[in-house]
Structure formats: structure tokens, C-alpha cells
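J.: The structure is given below, and queries will be raised subsequently.
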Amino acid sequence: MKRVLVLGCTGSIGTSTLDIINNMSSEFCVCGLQAHSNQQKLNDFGKKYNCPTLLSSVDNSENAFQKLIDESKPDIVVNGIAGAAGLVPSKVVLENGIDLALANKETIVMAGPLIKELAKKTGAKLLPVDSEHSAIFNLTERIGKKNISKIVITASGGPFRNYTKEQLENVTLEQALKHPTWNMGKKITIDSSTLANKGLEVIEAAFLFDVNENQIDVVVHPQSLIHSLVRTNDGELYAQISEPDMKHPILCALNWPENKTCYLKPFELFDHEMTFFKPRFDDFPLLSYAFECVKKRACYPIAFNAANEVAVHAFIEGKIKYPQIAKIVRSVLDSNWSKPLDSFETVFEADLQARKLAAELL
């Protein structure tokens, strides 16, 4: 039986992971749980899964996560923490040589090369849980990286896919929080509407799969059934298709490298429509900024993520209008972020500087 530590257990990734464990109790057990601030729900989960090892971490310190790992003794850790706060626990997990099922894209966006180097050093497996990166990971493992010429990441297009530029100027918070396909937290839902989330995934894919900006395409696929594709050297496309349910990529990571029978409903091709569109880079500029960050590397991806987090939080609080999210990110990226990514200290320093600059712009 595999012992699973769930970070961010009260969020969408965490609750999906616990649902898997609940339905596959002969395969997995909960050995530890962490939540940011929802103490009541954390305690309830602790009782339900007979798990005394709990962490309610507001400070997000390395010592706190190390203690949690020491006490829970996991075989694998699912990191479903939202935002930049997920980087520190990812670092601690890999330092301990424990396999990491990673749903926190900021870990790779902010410190991809350092994280991959750390995993290689300790022998821990780094298993992507984002549905897009899980799809690419599986396709790459089965087809072979040397046979792949391009990665194609799918995007739902969010709730404003058909909005005109003028309509986008007057988007409200309520509108931005209504995603047509996925049920997620506030921040990631707004990121999906601006395509910043897809931008973060482009950066994540570049680091995870060692590709440059010219080897990544984005296609808008509103039904979210194809989670990503790869194009082989001979021009053919291979896709991973399943319902838009995060339990699939989570279960894939928990079971890797095996592919076991499970309780999830098999995907059927009948009664489904699949359509595809080119992304509107001009109207959703955050996606193009992400490609720019992939090209420039250094600390640009860190600045992109930090500025976007600050701007989105300001939009949620009603301090800025929707179009200003992209404008703040653009202004932050116009500064010099060319310092080499040589240590985690550099990562944290650049993140702090970018947040300060974004706050000043507000």
C-alpha cells in the first residue's frame, strides 16, 4: 500500500486526491495532510482518514514541512498548494528523495532547472499532475522524446473566448469566476480567463520537457477533452483524451509507472464534439508574454508569475479593472530580470522584487 501525503488537501487537487484514496483504499492510504488556513476542514479530513499527522501552515516554512514529512513518512507527496507558496514544500520533498506528484505549476515556473536538478540528485521522481503536462509526460514516455518535434498544449479559452476586445475592457469579477469547463479556485479561474494560466503552463512545459519557445504550440479546445498533443518527427499528432476531471492525471501520477484498472469511468467517443481554434494573442497578451519569458529565461518567468499573482489578487479585491492585470505584468517584465537562475535564494529574491514592483505599480 502506498502512503500518500496530501499538501493543499482542502483545495480541488487535494479533495480529488482524497476521493481517489477513498475509492482505492486497498492501493493507497493517507499518511499526512496539510492545508493553508481551513483548520476545520483539515481536522475533519484527519478524522475521516484516521490521519493524526496534520499541518495548518500559514508561515509555509521549510522546517514545518520537514517535520510533516518526518512524522508522516510518505512514499509519495501530492502538492496541490496554490501559487508561489507551493515551491518551498516541493523543494523539501525532493531534498528528502521522495516522489513528487506536482500540481503546483509555480514550482517549475519559478525554479524549473533547480527543481529538476534536485530531483536528479536525490533520485526522486517528478510526476506532473497538471492535466496538460500529465498528458505530455505520458505521450513522451511512450513515444520517446527523440521522436517528438513539437508539444501542443490545449486551452479551453476560458469564459471570454468569444468576447471582443471592447467587451474584455468591462469584464467583472463575477464573470471571470465562471469557468465553462473546470471547477477551480479563484486565482486559477481568473488566470484561465486571461490565458495567464496557459502561459504558466507554456513556461512549465519548456522546463519540464527541455524544449524552447518554438517547440511549443497552444490550441484553443473549448471542450477540454484533449488535454495535450505531441507532434512526431513525421508530422503526425498523438493526443491524450479523457473527461475534464483532475482525478485522471492525479491517479496516473500515484500509479506511475503502472497503469491500473480504477473506479473512474472510461472515456467514450460518442456524443462528444471537439473543436479547435487559434489563440488570440493580441486580445489575451499574457500568453504571448509567457512565450517571451521562455525565450529570455533567467528570472523572467519568476517576474511573470509574481506580477500576475499580485495583479490578480488586486482584481479580486476590486482595486484594479480586468485589463490592468496584463498591463501590470507587462510593466514588471519591462524591468531587467536577466540575472542567472543559480540558486533558490536567487528565485526568492527575484520573486520578492517583482512583487514589490507590482505593488508599487498598483
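Each value in this text was obtained by applying a stated rule to the coordinates, not by laboratory testing. Remember, it's a predicted structure, so these values are computed and weren't measured experimentally. FYI the Cβ positions are ideal-geometry reconstructions off the backbone, even for glycines, and counts take in every protein chain you see.
J.: Do you know the relative contact order of the chain, to the nearest whole percent, from alpha carbon pairs under 8 angstrom that are 6+ apart?
T.: 16 percent.
J.: In the structure shown, do any of LYS247/LYS319; LYS91/LYS187; LYS150/LYS265; LYS41/LYS116; LYS125/LYS278; LYS116/LYS150 have a Cα-Cα gap over 26 Å, and if so which?
T.: LYS247/LYS319; LYS150/LYS265; LYS41/LYS116; LYS125/LYS278
J.: So, one more: Rounded if a/c is under 1.5, else prolate if a/b beats b/c, else oblate: with a ≥ b ≥ c from the C-alpha gyration tensor eigenvalues square-rooted, which is the chain?
T.: rounded
J.: Report, for the chain, the % of DSSP beta bridges that are antiparallel, rounded to 5.
T.: 30 percent
J.: Still on this structure, I have one more. About the Cα centre, and with charges only on the beta carbon of Lys, Arg (+1) and Asp, Glu (-1), how big is the dipole of the chain? Nearest 20 debye, please.
T.: Approximately 140 debye in magnitude.
J.: Just name one of ALA111, GLY83, PRO128: the one whose Cα is farthest towards the positive end of the charge dipole of region 63-139 (beta-carbon charges, Lys/Arg +1, Asp/Glu -1).
T.: Value: ALA111.
J.: Now, a different point. Compute the signed sum of charges (Lys and Arg +1, Asp and Glu -1) over the other residues within less than 15 Å, Cβ to Cβ, of LEU362.
T.: That sum, taken over residues with Cβ under 15 Å, equals +3.
J.: Return a whole-number percent for the relative contact order of region 213-362, with Cα pairs under 8 Å and 6 or more residues apart as the contact set.
T.: 22 percent
J.: Based on the Cβ-Cβ distance from GLU71 to ALA239, what FRET efficiency comes out when R0 is 30 Å, to the nearest 0.05?
T.: Efficiency, rounded to the nearest 0.05: 0.10.
J.: Rounded, prolate or oblate: which fits region 55-180, taking a ≥ b ≥ c as square roots of the Cα gyration tensor eigenvalues, rounded meaning a/c under 1.5, else prolate when a/b beats b/c?
T.: Oblate shape, in that a/c is at least 1.5 and b/c is the bigger or equal ratio.
J.: Here are some pairs, LYS73/LYS146; LYS120/LYS146; LYS178/LYS327; LYS145/LYS295; which of them have Cα atoms lying more than 26 Å apart in this structure?
T.: Distance filter (> 26 Å) returns LYS73/LYS146.
J.: Next question, about the same structure. Fully extended, how many nm does the chain gain between ASN63 and PHE348 (0.36 nm per residue separation, minus their Cα-Cα distance)?
T.: 100.9 nm
J.: At ASP282 and LYS47, where each label point lies 7 Å from the Cα along Cα→Cβ, what is the point-to-point distance in nanometres?
T.: 5.8 nm
J.: According to the square roots a ≥ b ≥ c of the eigenvalues of the Cα gyration tensor, what is the shape class of region 74-115, taking rounded for a/c under 1.5, prolate for a/b larger than b/c otherwise, and oblate for the remainder?
T.: Because a/c hits 1.5 or more and a/b fails to exceed b/c, region 74-115 counts as oblate.
J.: Quick one: which residues, 5 or more positions from TYR163 or on another chain, have an amide H under 5 Å from its amide H? H modelled 1.01 Å from N in the peptide plane, none for Pro or chain starts.
T.: none
J.: Return the whole-Å distance between the Cα centroid of region 203-219 and the Cα centroid of region 5-76.
T.: A separation of 32 Å, based on Cα centres.
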